[in-house]
Amino acid sequence: MRTVTGLFDTHDRAKDAVAALEDAGIPSGEISLISPDRDDSDNTAAGAGIGAAVGGAGGLLAGLGALAIPGIGPVVGAGWLVATLAGAAAGGVAGGLLGMLTDAGVNERDAHVYAEGVRRGGSLVSARVDDGQVDAATAILAQSGSVDIGDRRNEYEAGGWSAFDESAGPWNPADRDAGRTIIPPLPR
């Protein structure tokens, strides 16, 4: 089994990716979804709002639950990665999301960007697939709108970021636009 992972700017795109992976025959038990559980994120509304948004869905999204991830804060998620994180937290195991991703075979440099992306309000979809499904699963994530991880790394590094820091605490949404050029609307 190999792990294929995508970072999405919105929960809705991540949810669409999960559905597309399931439609392609990847078992829901091999797919994970993690999204921030914050009222101020750009994702679907927090907590009950996300639950309501996917409550009628089958497959993976029917098992959505909440937990806290060190350095990220409260999240909602489902799947094998969330179960692994919850088990590690219950057992007092350090490492959080970064450790779980690298243990699952994700390149450490990319795992830092994925963890930081979730910290900053993105949604993560990760699937364990057979070698013969890697290309198809990767294409599904891209077609569903996953960000280019290299471009996102460059964007973060341009703002002074170097690596995910679990001790930094949850992202401050007021900092979301730091480093971005804000172009005001044209007058009418």
(message) Take residues that are out of contact with any helix residue (DSSP H, G or I) (no Cβ under 6 Å at 6 or more places or on another chain), of a type outside the set (Val, Ile, Thr) and modelled with pLDDT of 85 or more and tell me which of the helices (runs of 4 or more DSSP H) falling wholly in region 72-188 contain 3 or more.
(response) 108-119, 134-143, 149-158
(message) I want to confirm something. Restricting to region 26-36 and keeping residues that are in contact (Cβ under 8 Å) with a residue 40 or more places away in the chain and farther than 16 Å from Gly117 by Cβ, which single residue is surrounded by the most Cβ atoms within 10 Å (Cβ to Cβ)?
(response) Ile31
(request) Quick one: which residue in Gly122, Gly159, Gly145, Gly117 is at positive phi and of a type outside the set (A, V, I, L, M, F, W, C)? (result) Gly145
(request) Considering only region 1-25, state which residues are modelled with pLDDT of 95 or more, surrounded by fewer than 17 Cβ atoms within 10 Å (Cβ to Cβ) and closer than 15 Å to Gly132 by Cα. (result) Arg2, Ala24, Gly25
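The values are calculated or read from the model by the stated rules, or taken from the named source; none is laboratory data. Keep in mind that this is a model prediction, so the values were computed, not measured. Because the Cβ atoms are built from the backbone with ideal geometry, glycine has one as well, and the counts that use them run over all protein chains shown.
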